[in-house]
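Trainee: The structure that follows is given in the form of C-alpha coordinates.
The values are calculated or read from the model by the stated rules, or taken from the named source; none is laboratory data. The shown structure was predicted, so the numbers you read here are calculated from the model rather than taken from an experiment. Counting neighbours? That spans all protein chains shown, and the Cβs are built from the backbone with ideal geometry, glycine included. To get the accessible areas, we keep the full protein, side chains included, count just its heavy atoms, and leave off ligands, DNA and RNA. Shrake-Rupley method; radii C 1.70, N 1.55, O 1.52, S 1.80 Å.
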Amino acid sequence: MNTMPFTSGLGENAVLVTRVADRQWHALDDDLVVGRAHAHHRPDGRLFVSIDAWHDVAFDLLAGAMLAELPSPLYTLVDEADMELTAGWRRAGFTIRRREWEYVVPTDPGVTGLDEVLPPPGVTIVPAGQADEGLLRAVDRAIRDEVEATVGWQSMPAEVVPRPEGDTIVDPSTYAVAAAPDRYLGLIRVVRVKRPRIGLVAVRADEQRRGIARALLAHALGTLHLSGTTAAWAEVQESNRAAAALFESIGARPMSSNLELVR
(Lines give C-alpha, C1' and ligand atoms only; values in the text may rest on other atoms or scores of the structure.)
Protein backbone atom coordinates (compact mmCIF):
# COMPACT_ATOMS: atom_id res chain seq x y z
CA MET A 1 0.00 0.00 0.00
CA ASN A 2 1.38 3.43 -0.97
CA THR A 3 0.33 6.61 0.85
CA MET A 4 1.28 10.11 -0.25
CA PRO A 5 0.39 13.16 1.96
CA PHE A 6 -0.55 16.61 0.69
CA THR A 7 -1.30 19.69 2.83
CA SER A 8 -4.44 20.86 1.15
CA GLY A 9 -5.97 23.41 3.50
CA LEU A 10 -9.20 21.40 3.37
CA GLY A 11 -10.21 21.05 7.00
CA GLU A 12 -7.57 20.27 9.60
CA ASN A 13 -6.01 17.29 7.86
CA ALA A 14 -3.83 16.72 4.88
CA VAL A 15 -5.33 14.91 1.91
CA LEU A 16 -3.73 11.49 1.53
CA VAL A 17 -3.62 9.41 -1.63
CA THR A 18 -3.46 5.67 -1.01
CA ARG A 19 -3.07 2.86 -3.50
CA VAL A 20 -5.68 0.40 -2.24
CA ALA A 21 -5.23 -2.31 -4.88
CA ASP A 22 -3.54 -2.92 -8.20
CA ARG A 23 -4.25 0.18 -10.33
CA GLN A 24 -6.71 1.59 -7.78
CA TRP A 25 -6.20 4.66 -5.59
CA HIS A 26 -8.25 6.54 -2.98
CA ALA A 27 -7.91 10.14 -1.81
CA LEU A 28 -8.67 10.53 1.92
CA ASP A 29 -9.49 13.69 3.87
CA ASP A 30 -9.77 12.94 7.61
CA ASP A 31 -10.44 9.28 6.75
CA LEU A 32 -13.25 10.31 4.39
CA VAL A 33 -12.89 9.10 0.80
CA VAL A 34 -13.02 12.22 -1.34
CA GLY A 35 -11.83 10.68 -4.59
CA ARG A 36 -11.20 7.40 -6.40
CA ALA A 37 -9.00 6.56 -9.35
CA HIS A 38 -8.80 3.44 -11.46
CA ALA A 39 -6.79 2.21 -14.43
CA HIS A 40 -7.64 -0.69 -16.71
CA HIS A 41 -6.67 -2.10 -20.08
CA ARG A 42 -9.27 -1.85 -22.84
CA PRO A 43 -9.68 -4.85 -25.17
CA ASP A 44 -7.41 -3.14 -27.72
CA GLY A 45 -4.57 -3.16 -25.17
CA ARG A 46 -4.56 0.55 -24.36
CA LEU A 47 -4.45 1.65 -20.72
CA PHE A 48 -7.40 3.87 -19.76
CA VAL A 49 -7.64 5.85 -16.51
CA SER A 50 -10.57 7.39 -14.68
CA ILE A 51 -10.98 9.65 -11.64
CA ASP A 52 -14.06 10.50 -9.60
CA ALA A 53 -13.17 13.24 -7.09
CA TRP A 54 -15.02 15.73 -4.91
CA HIS A 55 -12.67 18.63 -5.59
CA ASP A 56 -9.69 19.70 -7.71
CA VAL A 57 -7.10 19.02 -4.99
CA ALA A 58 -8.14 15.37 -4.72
CA PHE A 59 -8.29 15.05 -8.50
CA ASP A 60 -4.81 16.48 -8.99
CA LEU A 61 -3.34 14.28 -6.26
CA LEU A 62 -4.90 11.15 -7.69
CA ALA A 63 -3.74 12.05 -11.20
CA GLY A 64 -0.23 12.63 -9.93
CA ALA A 65 -0.16 9.30 -8.10
CA MET A 66 -1.30 7.41 -11.19
CA LEU A 67 1.11 9.19 -13.52
CA ALA A 68 3.99 8.35 -11.19
CA GLU A 69 3.25 4.63 -11.33
CA LEU A 70 1.70 3.88 -14.70
CA PRO A 71 3.46 3.55 -18.05
CA SER A 72 2.74 5.86 -20.96
CA PRO A 73 0.74 6.36 -23.05
CA LEU A 74 -2.39 6.74 -20.92
CA TYR A 75 -5.89 7.41 -22.22
CA THR A 76 -9.17 8.61 -20.79
CA LEU A 77 -12.66 9.23 -22.16
CA VAL A 78 -14.79 12.17 -20.98
CA ASP A 79 -18.15 13.68 -21.82
CA GLU A 80 -17.29 16.86 -23.71
CA ALA A 81 -20.01 18.72 -21.79
CA ASP A 82 -18.15 18.02 -18.52
CA MET A 83 -15.78 20.97 -18.75
CA GLU A 84 -14.56 20.61 -15.16
CA LEU A 85 -13.43 17.01 -15.69
CA THR A 86 -11.82 17.88 -19.02
CA ALA A 87 -9.94 20.75 -17.36
CA GLY A 88 -8.65 18.38 -14.66
CA TRP A 89 -7.18 16.01 -17.24
CA ARG A 90 -5.64 18.93 -19.12
CA ARG A 91 -3.93 20.04 -15.90
CA ALA A 92 -2.47 16.53 -15.73
CA GLY A 93 -0.96 16.93 -19.20
CA PHE A 94 -3.58 15.14 -21.29
CA THR A 95 -4.46 16.43 -24.75
CA ILE A 96 -7.40 15.74 -27.08
CA ARG A 97 -6.75 12.79 -29.36
CA ARG A 98 -10.16 12.53 -31.00
CA ARG A 99 -13.86 13.29 -30.65
CA GLU A 100 -16.67 10.72 -30.89
CA TRP A 101 -20.26 11.71 -31.53
CA GLU A 102 -22.97 9.60 -29.91
CA TYR A 103 -25.94 9.18 -32.23
CA VAL A 104 -29.45 8.12 -31.35
CA VAL A 105 -30.71 5.95 -34.20
CA PRO A 106 -34.43 5.40 -34.87
CA THR A 107 -35.50 1.83 -35.58
CA ASP A 108 -38.86 2.42 -37.30
CA PRO A 109 -38.41 1.60 -41.03
CA GLY A 110 -40.92 4.33 -41.83
CA VAL A 111 -38.56 6.85 -40.24
CA THR A 112 -35.24 5.42 -41.38
CA GLY A 113 -36.40 4.90 -44.95
CA LEU A 114 -34.93 1.39 -44.86
CA ASP A 115 -38.23 -0.47 -45.20
CA GLU A 116 -37.57 -1.43 -48.83
CA VAL A 117 -33.78 -1.77 -48.66
CA LEU A 118 -32.53 -5.17 -49.80
CA PRO A 119 -29.00 -6.56 -50.06
CA PRO A 120 -27.41 -6.52 -53.54
CA PRO A 121 -27.85 -9.53 -55.82
CA GLY A 122 -26.04 -12.63 -54.61
CA VAL A 123 -25.85 -11.37 -51.01
CA THR A 124 -28.02 -12.58 -48.13
CA ILE A 125 -28.31 -11.35 -44.56
CA VAL A 126 -27.71 -14.01 -41.91
CA PRO A 127 -29.47 -13.00 -38.67
CA ALA A 128 -27.67 -12.64 -35.36
CA GLY A 129 -27.01 -15.98 -33.73
CA GLN A 130 -27.06 -17.91 -37.00
CA ALA A 131 -23.66 -17.01 -38.49
CA ASP A 132 -21.00 -19.64 -39.06
CA GLU A 133 -18.38 -18.81 -36.43
CA GLY A 134 -15.41 -19.67 -38.63
CA LEU A 135 -16.57 -17.45 -41.49
CA LEU A 136 -17.52 -14.72 -38.99
CA ARG A 137 -14.04 -14.70 -37.48
CA ALA A 138 -12.52 -14.67 -40.98
CA VAL A 139 -14.41 -11.56 -42.10
CA ASP A 140 -13.78 -9.82 -38.77
CA ARG A 141 -10.04 -10.49 -39.10
CA ALA A 142 -9.97 -9.39 -42.74
CA ILE A 143 -11.77 -6.11 -42.01
CA ARG A 144 -9.57 -5.37 -38.99
CA ASP A 145 -6.46 -5.95 -41.08
CA GLU A 146 -7.76 -3.63 -43.80
CA VAL A 147 -8.55 -0.87 -41.27
CA GLU A 148 -5.21 -1.34 -39.51
CA ALA A 149 -3.38 -0.99 -42.83
CA THR A 150 -5.06 2.37 -43.54
CA VAL A 151 -6.37 4.59 -40.71
CA GLY A 152 -5.53 2.13 -37.91
CA TRP A 153 -8.00 0.20 -35.77
CA GLN A 154 -7.53 2.66 -32.89
CA SER A 155 -9.43 5.18 -35.02
CA MET A 156 -12.54 3.07 -34.53
CA PRO A 157 -14.91 3.67 -31.57
CA ALA A 158 -13.44 2.34 -28.33
CA GLU A 159 -14.27 -1.31 -27.69
CA VAL A 160 -15.42 -1.65 -24.10
CA VAL A 161 -16.67 -5.24 -23.93
CA PRO A 162 -14.12 -7.40 -22.08
CA ARG A 163 -12.70 -10.23 -24.16
CA PRO A 164 -9.93 -12.79 -23.89
CA GLU A 165 -6.59 -11.61 -25.24
CA GLY A 166 -6.37 -12.18 -28.97
CA ASP A 167 -10.11 -12.88 -29.37
CA THR A 168 -11.87 -10.09 -31.27
CA ILE A 169 -15.25 -11.85 -31.37
CA VAL A 170 -16.60 -11.70 -27.82
CA ASP A 171 -20.05 -13.13 -28.47
CA PRO A 172 -20.84 -14.49 -31.96
CA SER A 173 -24.57 -14.31 -31.21
CA THR A 174 -24.45 -10.47 -31.37
CA TYR A 175 -23.38 -10.40 -35.04
CA ALA A 176 -25.51 -10.43 -38.17
CA VAL A 177 -23.59 -10.81 -41.41
CA ALA A 178 -23.85 -10.20 -45.14
CA ALA A 179 -23.04 -13.47 -46.88
CA ALA A 180 -21.94 -14.47 -50.36
CA PRO A 181 -21.97 -18.17 -51.30
CA ASP A 182 -18.30 -18.65 -50.36
CA ARG A 183 -17.56 -16.03 -47.68
CA TYR A 184 -18.94 -13.25 -45.51
CA LEU A 185 -18.71 -9.73 -46.90
CA GLY A 186 -19.67 -7.58 -43.93
CA LEU A 187 -21.00 -7.62 -40.40
CA ILE A 188 -22.96 -5.63 -37.83
CA ARG A 189 -22.72 -6.05 -34.06
CA VAL A 190 -25.57 -5.01 -31.77
CA VAL A 191 -24.98 -5.33 -28.04
CA ARG A 192 -27.85 -5.01 -25.58
CA VAL A 193 -26.80 -3.92 -22.10
CA LYS A 194 -28.65 -0.90 -20.74
CA ARG A 195 -29.70 0.02 -24.27
CA PRO A 196 -29.00 -1.45 -27.73
CA ARG A 197 -25.68 -0.21 -29.08
CA ILE A 198 -24.50 -0.63 -32.64
CA GLY A 199 -20.89 -1.38 -31.83
CA LEU A 200 -19.67 -2.03 -35.36
CA VAL A 201 -20.85 -1.87 -38.97
CA ALA A 202 -18.15 -2.87 -41.44
CA VAL A 203 -17.77 -4.24 -44.96
CA ARG A 204 -14.74 -5.69 -46.74
CA ALA A 205 -12.93 -3.00 -48.72
CA ASP A 206 -13.51 -4.68 -52.10
CA GLU A 207 -17.26 -4.97 -51.42
CA GLN A 208 -17.98 -1.41 -50.32
CA ARG A 209 -20.30 1.03 -52.13
CA ARG A 210 -22.74 -1.77 -53.02
CA GLY A 211 -25.32 -1.00 -50.34
CA ILE A 212 -24.25 -3.81 -48.01
CA ALA A 213 -23.85 -1.55 -44.97
CA ARG A 214 -27.36 -0.11 -45.46
CA ALA A 215 -28.77 -3.62 -45.84
CA LEU A 216 -27.11 -4.67 -42.59
CA LEU A 217 -28.51 -1.61 -40.82
CA ALA A 218 -31.96 -2.25 -42.30
CA HIS A 219 -31.91 -5.78 -40.92
CA ALA A 220 -30.57 -4.90 -37.47
CA LEU A 221 -32.78 -1.87 -36.91
CA GLY A 222 -35.82 -3.66 -38.29
CA THR A 223 -35.22 -6.52 -35.85
CA LEU A 224 -35.00 -4.09 -32.95
CA HIS A 225 -38.19 -2.35 -34.09
CA LEU A 226 -40.10 -5.64 -34.19
CA SER A 227 -38.96 -6.35 -30.62
CA GLY A 228 -40.48 -3.06 -29.45
CA THR A 229 -37.26 -1.04 -29.28
CA THR A 230 -37.69 2.49 -30.64
CA ALA A 231 -34.06 3.62 -30.77
CA ALA A 232 -30.48 2.35 -30.76
CA TRP A 233 -27.21 4.18 -30.15
CA ALA A 234 -23.95 4.36 -32.06
CA GLU A 235 -20.62 6.18 -31.73
CA VAL A 236 -18.95 7.74 -34.77
CA GLN A 237 -15.53 9.36 -34.83
CA GLU A 238 -15.76 12.99 -35.91
CA SER A 239 -13.35 12.49 -38.83
CA ASN A 240 -15.31 9.52 -40.21
CA ARG A 241 -17.60 11.50 -42.46
CA ALA A 242 -18.73 8.44 -44.42
CA ALA A 243 -20.08 6.76 -41.28
CA ALA A 244 -21.68 9.99 -40.08
CA ALA A 245 -23.35 10.49 -43.47
CA LEU A 246 -24.65 6.91 -43.43
CA PHE A 247 -26.27 7.29 -40.01
CA GLU A 248 -27.61 10.78 -40.70
CA SER A 249 -29.17 9.55 -43.95
CA ILE A 250 -31.43 7.22 -41.94
CA GLY A 251 -32.53 9.89 -39.47
CA ALA A 252 -29.89 9.41 -36.75
CA ARG A 253 -28.99 12.53 -34.81
CA PRO A 254 -25.95 13.37 -32.68
CA MET A 255 -26.99 13.75 -29.05
CA SER A 256 -23.65 14.22 -27.27
CA SER A 257 -19.93 13.94 -27.81
CA ASN A 258 -17.06 12.27 -26.00
CA LEU A 259 -13.43 13.29 -26.02
CA GLU A 260 -10.65 10.73 -25.96
CA LEU A 261 -7.63 12.28 -24.26
CA VAL A 262 -4.08 10.96 -24.23
CA ARG A 263 -0.91 11.63 -22.25
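Trainee: Quick one: angle between helix 56-69 and the longest Cα principal axis of the chain, in degrees between 0 and 90, rounded to 10, please.
Mentor: With rounding to tens, the tilt is 80 degrees.
Trainee: Oh, and also: Just subtract the alpha-carbon distance of Asp79 and Ser239 from 0.36 nm times their residue separation and send over the number in nm, one decimal.
Mentor: Values: separation 160, 0.36 × 160 = 57.60 nm, distance 1.77 nm.
Separation in residues times 0.36 nm, less the Cα-Cα distance, equals 55.8 nm.
Trainee: Tell me, what is the per residue accessible area of the chain in Å², probe radius 1.4 Å?
Mentor: Values: 13420 Å² over 263 residues.
In whole numbers, the chain has 51 Å² accessible per residue.
Trainee: Can you give the accessible area of Val193, probe radius 1.4 Å, in Å² rounded to 10?
Mentor: Here the accessible area works out near 120 Å².
Trainee: Can you tally the net charge around Trp101? Count Lys and Arg as +1, Asp and Glu as -1, for every other residue whose Cβ sits under 13 Å from the Cβ of Trp101.
Mentor: Combined, the nearby Lys, Arg, Asp and Glu give -4.
Trainee: I'd like the carbon and sulfur percentage of the solvent accessible area for the chain, probe radius 1.4 Å, heavy atoms only, ligands and nucleic acids excluded.
Mentor: Carbon with sulfur: 53 percent of the solvent-accessible area.
Trainee: Follow-up question, since we're still on this one. Starting from 0.36 nm per residue, how many nanometres of slack lie between Glu116 and Ser257 once their C-alpha separation is accounted for?
Mentor: Extending this stretch completely gives an extra 47.6 nm.
Trainee: With labels modelled as points extended 7 Å from the Cα through the Cβ direction, what inter-label distance (nm, one decimal) is found for Asp171 paired with Glu102?
Mentor: Distance between label points: 1.9 nm.
Trainee: Another question, if that's okay. Quick check: residue separation of Leu67 and Ala205 times 0.36 nm, minus the Cα distance between them. What number comes out in nm?
Mentor: 45.7 nm
Trainee: Using r as the Cβ-Cβ distance of Arg144 and Leu32, and R0 as 45 Å, what FRET efficiency do you calculate, to the nearest 0.05?
Mentor: Numbers: r = 46 Å, r/R0 = 1.03.
Calculated value: 0.45.
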